[in-house]
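The structure appears right after this line, and notes come after that.
The values are calculated or read from the model by the stated rules, or taken from the named source; none is laboratory data. What you are looking at is a predicted structure, and each value in this text was computed from that prediction instead of being measured. Counting neighbours? That spans all protein chains shown, and the Cβs are built from the backbone with ideal geometry, glycine included.
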Amino acid sequence: MRKLVCFALPFSAAIFLAVYLLPQGALLPAGIGCTAAGVAGLAWKGGRRLRWILLCAGLAAGLAWSWVYGAVFLQPARELDGERGEIDALVTGWPQPASYGSSVQILIETDTVGLTARLYLYEEDLQLRPGDQIHLEASLRLADTMAGEETDYYLSKGISLMAYGEGEITVQRPDRPGIRHWAAYLSQALKQSIARAVPEDAAPMITALATGDRSTLPENFYSAMQRTGIAHVVAVSGMHVSFLANFVALLLGRRRRLGAGVGIGLMFCFAAVAGGTPSVLRAAFMQSMLLLAPLLGREDDRPTSLSTVLMLLLLYNPYAAASVSLQLSFTSVAGIYLITSPLYAAMTRALPASPGGLLPRLGCWAARFGAGSLATTLGALVFTTPLTVFYFSSVSLISPLANLLTLWAVSAAFLGGLFTALLGLALPNLAGAAGWLCAWPVRYIQGGITPLSRLTFSAVSTDTVYLRLWLLLVYVILGILCLSILRRQRLRPVFPVCLCAVTLAAALLANSLTLFRGGITAAVLDVGQGLSVALTSRGRTALVDCGGYQAGEIAADYFQGMAASQVDVLVLSHYHADHANGVSALLSRMPVELLVVPDVDPESELRAEILALARKEDAEVRFVTSDTSIELGDVTLQIYPPLGDGGANEEGLSVLCTTGEFDALITGDMPKSVEKLLLEYTQLPDIELLVAGHHGSKDATSQELLDALLPEHAVISVGYNSYGHPAQETINRLAVSGCAVYRTDQMGTVTVTAR
């Protein structure tokens, strides 16, 4: 019986319950109840008594520790919530760029405990470093919200407070940093060494692989990695640690004790340099157990190792249970342990054990290597896919192929990059040659991943019912196969694999039929505080504005999920980031045939950037200075030129979409004064759909406009903001006018279809 598993798993389960379900006040009563149930189990006889007692003890301990952590470590942070005054703090990390100025991690000492906080300052070039003692005035709030919504994101990273600095900072710098800061200094030194030695095009990827810092990765390339399912390679975890362990074992050969000692020390040093994230700590602990087990005369019991490491991480910080990286890390390893071996055996059963001749041996080796990589990837995907669907609403269909093609290059780039970084610290003159060599695997990865990510169905959204039903079928089939394994029945994977492939093709076909319908499908995409309206009709596509949170990626996902190969028309109402900051990402994913823009704001940097990108991607650019009509399938797009002056909002385009008896109006950020001009200048019909102006601002969507157009439905594209959007008076005006009101911040993407 695995006694430690019987205690560790319930302990971890109790902490997950405490983080996601149970309030603080219910933890102690629930723990007492579990303790009572364990005591009652003493009356039982046989092996089940010990299992029951361990299970109840694990649950009681997990609940009790969650209560203690909340009372001891979080209560002091709650007491400081909303306070403003002078603070003394220790800088524990390096400054990073923020939306406004810079941010840095600090430790604020209270009378009882030290509280980790994220300090935000308006200075962009913040001259702070780990070990500095600082004194400043700041306002504090509990780190339990992000973008206006409650979240455990910061708590999962051990950050309990957000601090916003005001005024000048007094800095006291020690002569030398304390030992607790050595890992941060080594990490910074490695980054600088990589920047010096590795060519500029490969340095961001090498930095991400060697240190876990992906802040310098180009946004478009990281998005391509996410779509192809290889973004995990820059989230430092088990793969990197196993590369290190295998490399040490290769160097030291049969000297197992020395190899274990060197390997364990190197792994935990690397984990500290990589930021000590849950995924890399999990990997370091488990690889250490794997190295120590034979030396101590113990078996490598993977369920015990996995459950014990999870318990230790949650013991350090219970809110790490809310970390998506921790959840993905442990579920991927669990899938590899349970699925990979039988899947690999089934895939290689037909291969001869010892083929004769060089070519047959090479062929068998290549087949086994490919089968091993594919089985490992599929094993990791089994349990991580439901999590990615839940958190990100997408599935990468090309992930197995992308991992098979690139993991060998990732291994070479990681080990070569780490060697280059270390060499650069000691012999910088030689590091350049090593950096030049390790850049080539990175270029191979970049050259392969970008075109793979642009394939129509490389990743698909699971927001559609067809893909959800397909996933349900896949997991039903997987469950049947698992039962066959447990019953030791011979696996015949050909039929279930073909069934999954055929049903996937059917689901993708059903989803793509939306693109070829007549009439119009208008989707106001959920891009946060921005605007992006996707239009489709008879296989033609248009996008009105492309701004907000990851607007280009979201729009490309939407169109490619319907098998669209290009955007026929992209209309930008004006050159503000919340209406146009996604153009670069969109153009990197899909070709745009025609870009329609206003000929205003000539000094705008965003305008210059967009026009340069359009020229680079061979998109036709049309400046609208008079009424412009564009046919799109069954739809006519009537684009009106700027009517006002005095700023970008007043000088924006507006778009009327018409098909049959259906009309939709999109006015961008048009204020009331320009809405009045629009009514005077044009002959607008009664409309069925109004995309509310300026994200529901009180200064747009006037009563005069509503009275003239009599819209039946109104969609407000809005996200978390500090502007008060949408204004309650605007919502009231729409309601009084008889509009059905929809909001993307509450409902997600809003889709309207008319035939």
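So the values come out like this:
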quantity: Pick from the range 1-46, criterion of a type in the set (Phe, Trp, Tyr) and at pLDDT 85 or above, ranking: nearest to Thr331 (Cα to Cα); calculated: Phe16
quantity: One residue from Gly424, Gly416, Gly379, Gly432 being touching a helix residue (DSSP H, G or I) at 6+ places or on another chain (Cβ under 6 Å) and surrounded by fewer than 18 Cβ atoms within 10 Å (Cβ to Cβ); calculated: Gly432
quantity: Flag if Leu358 is more than 21 Å from Leu405 (Cα to Cα), more than 17 Å from the chain's Cα centre (by Cα) and not hydroxyl-bearing (Ser, Thr, Tyr); calculated: yes
quantity: Residues within the range 599-620 that are of a type outside the set (Asp, Glu) and either surrounded by 15 or more Cβ atoms within 10 Å (Cβ to Cβ) or under 20 Å from Lys676 (Cβ atoms) (or both), tallied; calculated: 9
quantity: Qualifying residue in the range 15-32 (condition: free of Cβ contacts under 8 Å to residues at least 40 places away in the same chain, surrounded by 14 or more Cβ atoms within 10 Å (Cβ to Cβ) and not small (Gly, Ala, Ser)); calculated: yes
quantity: Options Glu79, Glu86; residue that is among the acidic types (Asp, Glu), touching a residue at least 12 places away in the same chain (Cβ under 8 Å) and surrounded by fewer than 14 Cβ atoms within 10 Å (Cβ to Cβ); calculated: Glu86
quantity: Criterion (surrounded by 19 or more Cβ atoms within 10 Å (Cβ to Cβ), modelled with pLDDT under 75 and farther than 19 Å from Ser373 by Cα) met by exactly one of Met289, Met267; calculated: Met289
quantity: Any pair with Cβ under 7 angstrom, 6 or more apart, that starts in the range 744-755 at a residue that is surrounded by fewer than 17 Cβ atoms within 10 Å (Cβ to Cβ) and ends at one that is among the acidic types (Asp, Glu); calculated: Gly748/Asp526
quantity: Unique residue being within 24 Å of Ser393 (Cβ to Cβ) and either free of Cβ contacts under 8 Å to residues at least 12 places away in the same chain or in the same structural domain as Ile630 (by TED's automatic domain parsing) (or both) when the list is Leu513, Leu572, Leu508; calculated: Leu513
quantity: Residue within the range 560-569 that is surrounded by 17 or more Cβ atoms within 10 Å (Cβ to Cβ), within 22 Å of Leu525 (Cβ to Cβ), of a type in the set (Ser, Thr, Tyr) and at pLDDT below 90 present; calculated: no
quantity: Residue match in the range 727-735 (condition: in a loop (DSSP other than H, G, I, E, B), among the charged types (D, E, K, R) and either more than 29 Å from Met146 (Cβ to Cβ) or not assigned by TED's automatic domain parsing to the domain that holds Leu632 (or both)); calculated: no
quantity: Residue tally, condition within 18 Å of the chain's Cα centre (by Cα) and farther than 30 Å from Cys269 by Cα, over the range 361-386; calculated: 2
quantity: Of the criteria (1) closer than 29 Å to Tyr549 by Cβ; (2) surrounded by fewer than 17 Cβ atoms within 10 Å (Cβ to Cβ), which one Leu121 fails; calculated: (2)
quantity: All positions within the range 474-530 that are modelled with pLDDT of 85 or more and of a type in the set (D, E, K, R); calculated: Asp526
quantity: Some residue of the range 126-140 being in contact with a helix residue (DSSP H, G or I) (Cβ under 9 Å, 6 or more places away or on another chain) and of a type in the set (A, V, I, L, M); calculated: yes
quantity: Filter result for the condition that a residue is polar (S, T, N, Q) and buried (at least 24 other Cβ atoms within 10 Å of the Cβ), over Thr536, Thr521; calculated: Thr536
quantity: Exclusive hit being of a type in the set (Gly, Ala, Ser), touching a residue at least 24 places away in the same chain (Cβ under 8 Å), surrounded by 21 or more Cβ atoms within 10 Å (Cβ to Cβ) and farther than 30 Å from Val389 by Cβ, set Ala197, Ala224, Ala183; calculated: Ala197
quantity: Qualifying position, being surrounded by fewer than 17 Cβ atoms within 10 Å (Cβ to Cβ) and among the hydrophobic types (A, V, I, L, M, F, W, C), among Val104, Val68; calculated: Val68
quantity: Any hit, the range 147-162, residues being among the aliphatic types (A, V, I, L, M) and over 27 Å from the mean Cα position of the chain (by Cα); calculated: no
quantity: Among residues of the range 165-223, those that are over 29 Å from Arg141 (Cβ atoms) and of a type in the set (D, E, K, R), counted; calculated: 6
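A quick yes/no check of all residues on (1) surrounded by 17 or more Cβ atoms within 10 Å (Cβ to Cβ); (2) within 30 Å of Val494 (Cα to Cα); (3) in contact with a Ser or Thr (Cβ under 9 Å, 6 or more places away or on another chain):
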| residue | (1), (2), (3) |
| --- | --- |
| Arg282 | yes, no, yes |
| Leu310 | yes, no, yes |
| Asn317 | yes, no, yes |
| Ala320 | yes, no, yes |
| Ser341 | no, yes, no |
| Tyr344 | yes, yes, yes |
